[in-house]
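Below: one structure, written as structure tokens.
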């Protein structure tokens with residue numbers, strides 16, 4: 001999926017929307033040393049400014065967390081970015097997701113939130 005750079009302020013607005021609308025997302029953490037974590041769930045804000053994707057309602061639910069303020073670059077894309085494009089990546093994105101926001105960190109790590117499409 002192609003994407004465009006956005007500011008931290010725009011990212012905060014998008015995160016606020018995901019939180020207040022209780023949007024289902026796929027959260028992906030990809031570390032610079034090859035560690036990856038995935039969780040499906042809802043986006044929540046922590047008191048320290050971190051963002052959590054929590055996969056359930058109980059205290060032992062799986063989750064991932066990251067601090068978007070520490071990102072050095074943020075990219076956003078939605079299904080318009082893949083319109084008219086063919087291929088596995090574009091087709092999968094168009095079928096499964098409505099948008100995606102990726103936070104890139106200085107050490108090469110990234111955190112991405114993909115808004116899950118609501119079935120029609």
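The values are calculated or read from the model by the stated rules, or taken from the named source; none is laboratory data. Remember, predicted model here, so these are calculated numbers, not experimental data. Glycine gets a Cβ as well: all are built from the backbone with ideal geometry, and neighbour counts include every protein chain shown.
Among the numbered conditions (1) modelled with pLDDT of 85 or more; (2) closer than 25 Å to residue 5 by Cβ, the only one that residue 55 does not meet is (2). Go through the residues of the range 78-93 one by one and say whether even a single one is in a strand (DSSP E or B) and at pLDDT 85 or above. Taking every residue of the range 78-93 in turn, none turns out to be in a strand (DSSP E or B) and at pLDDT 85 or above. Among the residues of the range 6-31, the ones that are part of a strand (DSSP E or B) and more than 14 Å from the chain's Cα centre (by Cα) come to 0 in all. For residue 112, state whether it is at pLDDT 85 or above, out of contact with any helix residue (DSSP H, G or I) (no Cβ under 9 Å at 6 or more places or on another chain) and surrounded by 11 or more Cβ atoms within 10 Å (Cβ to Cβ). Answer is yes for this residue.
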